[in-house]
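See below for the structure under consideration.
The values are calculated or read from the model by the stated rules, or taken from the named source; none is laboratory data. All figures in this text were calculated on a predicted structure; none of them were measured in a lab. All Cβ positions, even for glycine, are placed from backbone atoms using ideal geometry, and neighbour counts span all protein chains on display.
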Amino acid sequence: MPRRRHRERRPAVTREHTPRPGHTWETTVRPLEQLVEDGQPEPRPSRAARRAAARGKRKDRQ
């Protein structure tokens, strides 16, 4: 009778992990504010911000 083969279970892969000893966390600091000259139109929100706002509106309706 043939033996059953079992798949090897692997733990879920995550992108965040603790760094090697002696290493520090590598982060990128980006400015969150934009300077707008007087009289200029307001900058458009990013696609992610627009989608989040739309998602919030849909959530409020329910």
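Here are the numbers for the structure shown:
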{"read-out": "Criterion: at pLDDT 85 or above and either of a type in the set (S, T, Y) or assigned to a loop (DSSP other than H, G, I, E, B) (or both) - qualifying residue of P11, P45, P2, P19", "value": "P45"}
{"read-out": "Breaking point among (1) surrounded by fewer than 10 Cβ atoms within 10 Å (Cβ to Cβ); (2) at pLDDT 75 or above, for R51", "value": "(1)"}
{"read-out": "Qualifying residue in region 26-40 (condition: modelled with pLDDT under 70 and either in contact with a Ser or Thr (Cβ under 9 Å, 6 or more places away or on another chain) or surrounded by fewer than 10 Cβ atoms within 10 Å (Cβ to Cβ) (or both))", "value": "yes"}
